[in-house]
1. How far apart, in nm, are the 7 Å Cα→Cβ label points at Val445 and Ala423?
2. Separation between the Leu81 and Gln43 pseudo-spin-labels, each 7 Å from Cα along Cα→Cβ, expressed in nm?
3. For Lys440, go through the lysines and keep the ones whose alpha-carbon is under 17 Å away, minus same-chain ones fewer than eight residues off.
4. Compute the length gained on full extension between Leu390 and Ala350: take 0.36 nm times their separation in residues and subtract their Cα-Cα distance, giving the result in nm to one decimal.
5. Between Ile206 and Arg93, with labels modelled 7 Å along Cα→Cβ, what's the label distance in nm to one decimal, could you check?
6. Keeping all protein chains in the complex and leaving out DNA, RNA and ligands, what accessible area do you get for His427 with a 1.4 Å probe, in Å² to the nearest 10?
7. Taking 35 Å as R0, compute the FRET efficiency from the Cβ-Cβ separation of Gln103 and Arg173 and round it to 0.05.
8. Lys366: which lysines have alpha carbons under 27 Å from its alpha carbon, excluding same-chain residues fewer than 8 sequence positions away?
Amino acid sequence: MWRGLWTLVARAARGPYRLCTRQGSGALAPGSGATIFALSSGQGRCGIAVIRTSGPASEHALRSLTAPRDLPPARRACLRLLTDPRSGEPLDRALVLWFPGPQSFTGEDCAEFHVHGGSAVVSGVLQALGRVPGLRPAEAGEFTRRAFAHGKLSLTEVEGLADLIHAETEAQRRQALRQLDGELGHLCHGWAETLTKALAHVEAYIDFGEDDNLEEGILERADSQVQELEVALNTHLRDARRGQRLRSGAHVVVTGPPNAGRKPVSIVSPEPGTTRDILETPVDLAGFPVLLSDTAGLREGEGPVEQEGVRRARERLEQADLILAVLDASDLASPSSCDFLDTVVTPVIAQSHNGNSQRLLLVLNKLDLLPAGDPDLSPELPPHLLLSCLTGEGLDGLLEALRKELTAVCGDPSTGPPLLTRARHQHHLQGCLESLGHYKQAKDVALAAEALRIARGHLACLTSGGGTEEILDIIFRDFCVGK
């Protein structure tokens, strides 16, 4: 029943966003020798459309469509008349670019055709390219997969590129750009170098332990390096999935006793208990992606339908990253308000002080019904914000408080170390940390060396995928065709 607050927050946020995934058929592994082509700009009518090729036949394709002119200078745009290589029919007058490998996005010979964006022009050029021997349409993500295969991008940078393409809020864009720039990959490479040095010291002890020329304290040096790495890994694993929330969206739930709100946007009435559904919308809130859920009023339901609505509301509360608890400021002494404070607000605040990641903001609505000046509120209330959904007073303060809470929940992508944005990242860092634990517990030096090798393998999987085609297929299928 907090439709007024829900509506104000949603409208004050910068509109709805969509957390998109593109379901492709999977990218083919590079190495087939084929040259691929695809439309790389968006579908539909536009001013300019970009069509690109990658592979050994790119030069032949460019010459075929621009004959009898010579290739343009590398990485310089030139105006050319495009013609069908079979019929000689003019297709468009366009800018073309030539990127000889390995100085290209994929590391292969590449060509780009910047044509006018009408559907007939784009279709004509794509059909013409399809008639050039050695060319075939690209699969989803195949350009990026070839860039990965040729060492142009690490796997974490590939994931950053995918996140940048799908970014719909400012915070998502900043985080994705940092990952694309290689910050997470460089961090992993630094950890891998530390492990390599530790492993070299252990293996030197195995091979030359009885040699008088071996440096003293070589195993102690390896132990010290492992201990420093454990501290660094634990720091990143304690981020409480902030990076994943930033990538996929934090869950904010608006809750409270019935009729704590004011303005209806669904089928509601002044009668308590008439809101039984859960209304959800994705929003860009202060630059952060948020799934905002408005729930049924929490009380003992009087019928099976209301009881189901309350059950779902409590279920959403358990899943929430941030709870926006709303009370009627003009009716704080009511049994429903007191019960809500005792059963929801106080326990969540207490749990958060004990290290629970769930956070809560207490909002007192209907400020406009309170006496002017200093409102006479209970001094025993937890920290709270005052708001009027009717007049909008207090909304700026609420949005600023939400921004601070979301920064704590999702992390600040502008500062600090790079965040872990995927479950895959956490899985391999956790595996690396467990292997370091096995190293410390090993009774045999050879087993200790093997534990270090396994730990280093987990870090390699972060940036290279470990050669697992299934993992690569999952990552690259999120790309659109042409990227």
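The values are calculated or read from the model by the stated rules, or taken from the named source; none is laboratory data. Quick caveat: nothing in here was measured; it's all calculated off a predicted structure. So basically every Cβ, Gly included, is an ideal-geometry build from the backbone, and we count neighbours across all protein chains shown. Please note that ligands, DNA and RNA were not included when accessible areas were found on the heavy atoms of the full protein model with its side chains. Shrake-Rupley method; radii C 1.70, N 1.55, O 1.52, S 1.80 Å.
1. 4.2 nm
2. Here the answer is 3.3 nm between the modelled labels.
3. Filter leaves Lys197.
4. Full extension of this stretch gives 11.3 nm more.
5. 7.0 nm
6. Surface accessible to solvent at His427 totals approximately 120 Å².
7. Using R0 = 35 Å, I get an efficiency of 0.80.
8. Lys263, Lys404
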